[in-house]
1. If you take the charge dipole of the chain about its Cα centre, with +1 on Lys and Arg Cβ and -1 on Asp and Glu Cβ, which of T33, P59, N73 is farthest toward its positive end?
2. Please say if the chain is rounded, prolate or oblate, where rounded means a/c under 1.5 for a ≥ b ≥ c the square roots of the C-alpha gyration tensor eigenvalues, and otherwise the choice is prolate for a/b larger than b/c and oblate otherwise?
3. Taking only Cα atoms, what is the 0 to 90° angle, nearest 10, from helix 7-21's long axis to the longest principal axis of the chain?
4. For the stretch 76-132, what class follows from the C-alpha gyration tensor (a ≥ b ≥ c being the square roots of its eigenvalues): rounded when a/c is under 1.5, otherwise prolate if a/b is larger than b/c, else oblate?
5. Which FRET efficiency value, to the nearest 0.05, is calculated for T119 and V94 with the Förster distance at 22 angstrom and r the Cβ-Cβ distance?
6. Going by amide H atoms built from the backbone, whose H comes under 5 Å of the H on G64, apart from near neighbours?
7. Does the stretch 33-98 come out rounded, prolate or oblate by the C-alpha gyration tensor, with a ≥ b ≥ c the root eigenvalues, rounded set by a/c under 1.5 and, if not, prolate when a/b is larger than b/c and oblate if not?
8. Ordered by residue, what ³J(HN,Hα) values in Hz, to whole numbers, does the stretch 90-104 give under the Karplus form 6.51 cos²θ - 1.76 cosθ + 1.60, where θ = phi - 60° and Gly and Pro are x?
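Just so you know, all these numbers are worked out from the coordinates, no wet-lab data involved. On a predicted model such as this, the values are computed, not experimentally measured, just so you know. Quick reminder, even Gly has a Cβ in these numbers, built from the backbone with ideal geometry, and neighbours come from all protein chains shown.
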Amino acid sequence: MVVRLKTTTRNTGLDRITTEIGSSGFLRIYNGTQPTGPDTALSGQTLLAELPLSTTAAPAASGGILTFSAITNETSALVTGTQTWASLVTSAGVRIVDMSCGNGTGDLSLSGTITAGGTVSVTALTITDGNA
């Protein structure tokens with residue numbers, strides 16, 4: 001059986017992400033093994049960079065797609081490493097969404113690897129409801 005949700009229902013679910021992130025969230029980029037989900041504690045992963053999200057992380061979802069507002073560059077990356085996953089977190093560091101991240105691959109695709117003290121930028125970030 002295939003389940004299909006009404007578009008407004010999908011949008012409401014995606015908008016919940018913005019609500020839970022709140023007004024001062026971050027996009028954190030890590031290397032190491034991606035946890036099974038945001039409720040799983042970190043263990044051995046290294047935080048490479050932390051990019052501030054806009055005050056409103058994303059406007060209302062449309063068509064089952066949540067498109068994030070501009071994400072501020074990280075102008076001095078914390079550690080050198082190869083990005084493997086990323087997380088959207090609240091100002092208190094509570095993980096709301098985890099995603100794969102790679103060099104030209106993953107849910108969040110970056111070019112190159114991250115270098116300590118270097119700039120990390122994300123030109124666009126969207127989350128699409130899988131029930132589209």
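1. In the chain, that residue is P59.
2. Working: a/c = 1.83, a/b = 1.61, b/c = 1.14.
It comes out prolate by the Cα gyration axes.
3. Around 40 degrees separate the two axes.
4. Working: a/c = 2.27, a/b = 1.38, b/c = 1.65.
In terms of gyration-tensor shape, oblate.
5. On the way: r = 26 Å, r/R0 = 1.19.
FRET efficiency, T119 to V94: 0.25.
6. Here the answer is N11, since their amide H atoms fall under 5 Å of that of G64.
7. oblate
8. So the Karplus estimates, Gly and Pro as x, are 6, 4, 8, x, 6, 6, 10, 9, 10, 8, 6, 8, x, 8, x Hz.
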